[in-house]
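Written below as structure tokens is the structure these notes are about.
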Amino acid sequence: ATLRETSFIEKMKKTGKNIVVFYGSQTGTAEEFANRLSKDTQRYGMRGMATDPEEYDMSELSRLTEIENSLAMFCVATYGEGDPTDNAQDFYDWLQETDADLSGVKYTVFGLGNKTYEHFNAMGKYLDKRLEELGAERIFDLGVGDDDGNLEEDFITWREQFWPALCEYFGVEATDEDSSIRQYELLVHNDVNMNKVYTGEMGRLKSYEIQKPPFDAKNPFLASVSVNRKLNKGGERHLMHLELDISGSKIRYDSGDHVAVFPTNDAKIVTDIGKILNTDLDIVFSLNNLDEESNKKHPFPCPTTYRTALSHYLDITNPPRTNVLYELAQYASDSKAQEFLRKMASSSSDGKEALPIRPKIIVYLHSCGFGSSFPGGASW
């Protein structure tokens with residue numbers, strides 16, 4: 001690998017970034033939080049980048065002092081029995097073995113965990129403590145998110161306290177808090193080879209049609225469910241016994257391994273969203289990252305159709321996260337709807353009270369009059 005490929009310091013210098021947000025993510029939540037924090041930096045006259053520690057030489061942390069007003073942020077999930085996520089394992093091993101001098105390096109940590117596990121937020125706590133032991137300066141307290149409670153509320157509460165503290169530390173002011181900063185640009189494809197369009201695949205194009213080993217997260221094996229049996233009676237939660245047929249896959253597993261589920265959203269909900277937004281769901285489009293230096297070029301496989309994105313790549317059945325509500329507020333048809341959505345997206349007492357009862361996104365689209373506000377879906 002070249003120096004540019006392994007050095008996040010050189011990349012930050014080349015692209016004019018002063019904040020790097022590393023994420024340790026197993027299911028994507030920590031990565032999403034890191035991207036939101038990176039996007040936030042633009043509101044405060046700074047420039048950030050969300051980064052996978054697995055892709056860079058983390059021993060270069062000590063060089064962060066070469067960049068003025070620099071900061072290393074970490075969004076790290078705890079996996080299994082207090083372990084780091086797969087993509088943070090090498091970084092964790094380095095932290096345990098190194099005696100690097102991180103004097104002058106400024107950092108903050110937000111950890112994601114679940115209090116029902118014995119080693120709650122072990123990775124976040126270890127990282128926060130270890131960086132200080134190596135001489136780095138903590139500029140804001142460790143944030144701890146609990147997935148057994150309300151992880152989103154924990155994150156936005158920490159985030160809304162963090163940014164004013166950072167601004168005071170660096171002596172900067174926010175720009176326009178209410179403006180929406182675009183991360184992706186929409187490109188509609190009027191003339192496209194449909195064989196090059198993603199239809200739900202997670203990585204390799206046509207991987208669902210041509211099942212070819214080796215299988216991994218980017219090329220999953222589509223195992224059919226051979227047994228589906230409910231184990232409990234009554235109650236809101238369902239405990240299921242499932243058996244999957246992996247014949248011919250050459251997949252090996254041990255007890256305690258995880259199985260990924262790639263669900264398909266209800267076709268009726270997808271169709272209803274298309275009607276509300278007055279959008280042709282079969283339009284082929286791409287969302288391209290406006291940051292050309294970002295390793296993540298698209299939020300999901302592109303090009304694809306609105307129907308495929310809503311069916312396979314987007315969560316439209318759980319209550320939307322606060323950042324989605326904030327974005328929707330830009331397009332609400334009247335000031336009351338805007339105020340309502342912004343309140344729901346905040347960590348105010350009203351917002352916190354409303355968080356547990358947030359409806360699905362389609363309810364917001366109905367109640368806030370989005371039918372005439374989204375020009376043919378172009379604002380997605």
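All of the numbers you see were taken from the coordinates with simple rules; none came from a lab. Just so we're clear, the structure is a prediction, and the values are computed from it rather than from any experiment. Neighbour counts are summed over all protein chains in view; Cβ atoms, including those assigned to glycine, are modelled from backbone coordinates with ideal geometry.
Just add up the charged neighbours of Y198: K/R +1, D/E -1, any other residue whose Cβ is under 14 Å from the Cβ of Y198.
The answer is +3.
Looking at segment 8-170, what % of its DSSP beta bridges pair antiparallel, to the nearest 5?
If I count the DSSP bridges inside segment 8-170, around 10 percent turn out antiparallel.
When R307, R229 are ordered from fewest to most other Cβ atoms inside 10 Å of their Cβ, what list results?
Fewest-to-most Cβ neighbours within 10 Å comes out as R229, R307.
Tell me, what is the FRET efficiency for E55 and E118 to the nearest 0.05, using R0 = 30 angstrom and their Cβ-Cβ distance as r?
That pair, E55 with E118, gives E of 0.45.
Using a simple spin-label model with points 7 Å from Cα along the Cα→Cβ vector, what separation in nm is obtained for M194 and N265?
Result: 2.2 nm between the two label points.
Please list, in chain and number order, the residues 5+ apart from Y117 or on another chain whose amide H is under 5 Å from its amide H, with Hs placed from the backbone.
For Y117, whose amide H was placed from the backbone, there are no distant partners under 5 Å.
Using a ≥ b ≥ c from the Cα gyration tensor of segment 8-170 (square roots of the eigenvalues), is it rounded, prolate or oblate, where a/c under 1.5 gives rounded and otherwise the larger of a/b and b/c decides, a/b for prolate?
In terms of gyration-tensor shape, oblate.
With a 10 Å Cβ neighbour count serving as the proxy for reagent exposure, in which order, fewest first, do E31, E97 appear?
The fewest-first ordering by Cβ neighbours comes to E97, E31.
Take the alpha carbon atoms of segment 77-112, find their center, do the same for segment 225-246, and report the distance between the two centers in whole angstrom.
36
Among S70, S62, which comes first, second and so on when ranked by fewest other beta-carbon atoms within 10 Å?
In order of increasing Cβ crowding within 10 Å: S62, S70.
Search the structure for amide H atoms under 5 Å from the amide H of K106, placed 1.01 Å from N in the peptide plane, and list their residues when 5 or more places away or on another chain.
A72, E137
If I stretch the segment between E293 and E132 completely, what's the gain in nm (0.36 nm per residue apart, minus their alpha carbon distance), one decimal?
54.9 nm
So in the chain, what percent of DSSP beta bridges are antiparallel if you round to the nearest 5?
45
Once you put a point 7 Å from the Cα of Y169 and another 7 Å from the Cα of Y253, both along the Cβ direction, what distance in nm separates them?
Taking the simple label geometry, Y169 and Y253 are separated by 4.3 nm.
Under 14 Å between alpha carbons, and skipping anything fewer than 8 positions from K11 in its own chain: which aspartates and glutamates qualify?
Leaving aside aspartates and glutamates fewer than 8 places away in the same chain, those within reach of K11 are D52, E55, D57, E60, E66, D291, E292, E293.
Give the lysines whose C-alpha is closer than 25 Å to that of K196, dropping any in the same chain fewer than 8 places away, or say none.
List returned: K206, K212, K218, K296, K297.
Label points 7 Å out from Cα along the Cβ direction at K336 and K360: separation in nm?
Simple spin-label model gives 2.6 nm for this pair.
Within straight cross-link reach of K336, meaning Cα distance under 28 Å, which lysines are found once same-chain residues fewer than 8 apart are removed?
Partners within reach: K39, K275, K352, K360.
So what is the 222 nm mean residue ellipticity for the chain from helices alone, if each DSSP H run of at least 4 adds -39500 (n - 2.57) and you divide by all residues, rounding to the nearest 500 deg cm²/dmol?
Rounded to the nearest 500, the figure is -8000 deg cm²/dmol.
Before anything else, pin down the relative contact order of the chain: Cα pairs under 8 Å, at least 6 apart, normalised by residue count, whole percent.
In percent, rounded to a whole number, it is 12.
Charges at C-beta only: +1 for Lys and Arg, -1 for Asp and Glu. How large is the resulting dipole of the chain about its Cα centre, in Debye rounded to 20?
Once rounded to the nearest 20, the dipole reads 1300 debye.
Quick one: Cα centre-to-centre distance for segment 260-307 and segment 1-72, in angstrom?
The two parts, judged by their Cα centres, are 27 Å apart.
Less than 10 Å Cβ to Cβ from D154, Lys/Arg counted +1 and Asp/Glu -1: what total charge do the surrounding residues give?
Net charge around D154: -3.
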